[in-house]
Amino acid sequence: MTPDACCRPEEIYAIEDLEKNRSYGRKALEQEMGGLSEKADVVIIGGGIIGVSTAYYLAKKGARNVILLERSMLGSGATGKCAGGIRTQFSTEINLQFSILSRRVFDGFKDEFGVDPEFRTIGYLFVGCAREQMEVLEHTANMVRLAGVEMELLSPDEISRRWPALMVEDLIGGSYTPGDGYAGPNEVLQGFARGARRLGVKIREGEEAAAIRLAGDRVEAVETSAAQRIWTPTVVNAAGPYAARVAGMAGLELPVRPLRRQVFFTAPLEGLAPRLPMVIDLEYGWYARGEGGGFLLAGPQDRESSFNEGTDFEGKEWAAARAVHRIPIMEQGSIARGWAGLYEISPDHHAIIGAFPELKGFICANGFSGHGFQHSPAAGMVVAEIILEGRPRSLDISPLRPERFRQGDLVREPLTALKD
Ligand SMILES: Cc1cc2nc3c(=O)[nH]c(=O)nc-3n(C[C@H](O)[C@H](O)[C@H](O)COP(=O)(O)OP(=O)(O)OC[C@H]3O[C@@H](n4cnc5c(N)ncnc54)[C@H](O)[C@@H]3O)c2cc1C
């Protein structure tokens, strides 16, 4: 669909047209829905970072009638629990390209959105204890350097020299990208949402997508918890950890599962907190970075899928043990608080973007597997291009197509803080 075509009334599924394909007429339909129906060019399901970014880029590229449905509050899902990490150290070309494109947006965010994303350039340090981990880091260094990104491979001695607070005895080495860092998920979310609203997107909080209606091999409407039927040719699934449920409403099997990750914060370390980059321990799937004079510490990630978002004592113990092991000064710290959120995990730890061949108009933007915040600008951009221009122009996202799993064509990303 071109931007112009998107807004032409004859391209939109009008109630009159739909009646032709129905066994019941408009009156019955409107009675069934309490008379409430409307039309949209695109309905986005989910008001996390992926939904608001998509909304913004759709509107920026000319879509005029876009509705975003968020069943709770914007950012109440995984986005609100996110650690804000932004990195270029990814081992696959597609993830690297997502990072590079997204970083351009983060760098110009304040100018474009009028909101400071609070980007802190603290660097990212991956550390490894096994030869295979170092091989991944070496491969990654070769790839990201070709793209012009500064990345160093470091020996344990060099790591210790630069950051004496780190225990390095069990390490084989590490890799460091000084330009990486973290930003504020809420600030970025509000920037996108504000930009989208300014360009006319209707963002409706407290309204859930309850059902998706199909007409043959097309999407035709979304029904909401407010007894509203929204006729639309295009639905974007931006439901994060709930993506498989939303895909199920359209009769699709989407391999995205929710996995709880706990996160804890130490109390300030009273002038003792060493200056450290974001440290990711590949051996344990653990990470930490400075936060308000203390530290943000990763807790464990569950092995079993669930929608449980509670923290527990074992999680706190796990985080503290990993912290004291890698940063011994942590012995003097105490955990002040914590929370848990849900990763939206795909089988190969890469996003799933695009439509399934068997259903037109249902666009997935899911499965970011722990890096959806940092890739949200590029994700929103390519989803908007798919919808308005018929194909993604900014990046070749064919490795992320939804049908790759049944084709057995996976793109594995080992460079994560996830433990399988
Ligand atoms: C502890 C933790 C730390 C993380 N750290 C990082 C990090 O450092 N860097 C990084 O890049 N990523 C990180 N992530 C991952 C990142 O948070 C996610 O990839 C990203 O937020 C996903 O955004 P989303 O919009 O897809 O999902 P969400 O933010 O979960 O948004 C989905 C929204 O859809 C809504 N919804 C669901 N079903 C419906 C429905 N039927 N109708 C209407 N609305 C619906 C939900 O209420 C929710 O608000 C972390 C995740 C966790 C849990």
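Readers should treat all values here as calculations from the given coordinates under stated rules, not as data from a laboratory. As the structure is a computational prediction, the values presented were derived from the model and not from experiment. Here the Cβ positions follow ideal geometry from the backbone for every residue, glycine too, while neighbour counts run over all protein chains shown.
Translational diffusion coefficient of segment 153-194 (Stokes-Einstein, Kirkwood radius from Cα pairs, 10 °C, 1.306 mPa s): 124 µm²/s. Site pair Asn142 and Asp170 shows an inter-label distance of 2.9 nm when each label is modelled 7 Å from Cα along Cα→Cβ. Under the membrane-span-like helix rule (DSSP H runs whose alpha carbons stretch at least 18 Å along the helix axis, mean Kyte-Doolittle hydropathy -0.5 or higher), the chain yields 93-107, 376-389.
Structure note, pairs Lys81/Lys360; Lys39/Lys360; Lys61/Lys81; Lys60/Lys81; Lys81/Lys316; Lys39/Lys81: Cα-Cα distances above 22 angstrom occur for Lys81/Lys360; Lys61/Lys81; Lys60/Lys81; Lys39/Lys81. Report summary: the helix-based calculation at 222 nm, which adds -39500 (n - 2.57) for every DSSP H run with n ≥ 4 and divides by the residues of the chain, gives -8500 deg cm²/dmol. Sites listed here are GluC sites (Glu not before Pro) in segment 73-155 whose DSSP assignment is loop and whose Cβ has at most 16 other Cβ atoms within 10 Å: Glu118, Glu150. With one equal scatterer per alpha carbon and no solvent term, the Debye-computed log10 I(q)/I(0) for the chain at 0.07 1/Å reads -0.35. You can think of it this way: the chain between Ala211 and Ser394 has 62.7 nm of extra reach, that is 0.36 nm per residue less the Cα-Cα gap. Over the Cα atoms of segment 108-266, the radius of gyration divided by the Kirkwood radius equals 1.11; this is the Rg/Rh ratio.
If both residues of a DSSP beta bridge must be in the chain, then about 65% of such bridges are antiparallel. The trypsin sites (Lys or Arg not before Pro) found in segment 253-343 that occupy coil by DSSP, while having at most 14 further C-beta atoms within 10 Å, are Arg275, Arg303. If you model segment 256-371 as an ellipsoid using its alpha carbon gyration tensor, with each semi-axis the square root of five times an eigenvalue, the axes come out at 33, 14, 12 Å, biggest first. For Glu314 and Arg64, a Förster radius of 51 Å and the Cβ-Cβ distance give a FRET efficiency of 0.50, rounded to the nearest 0.05. Stretching the chain fully between Ser305 and Trp339 yields a gain of 10.5 nm (0.36 nm per residue, less the alpha carbon separation). Among the GluC sites (Glu not before Pro) in segment 241-338, those placed in a DSSP loop whose Cβ has at most 14 other Cβ atoms within 10 Å are Glu253, Glu270, Glu304. Distance from the C-alpha centroid of segment 169-195 to that of segment 343-420: 20 Å, rounded to the whole angstrom.
Which is the longest part of the chain that has none of the chymotrypsin sites (Phe, Trp or Tyr not before Pro) sitting in a DSSP loop with at most 16 other Cβ atoms within 10 Å? The reported range is 25-306.
Starting from the 7 Å offset along Cα-to-Cβ, what nm value, one decimal, do you get for the label separation of Lys110 and Arg412? Spacing of the two 7 Å Cα→Cβ label points: 4.2 nm.
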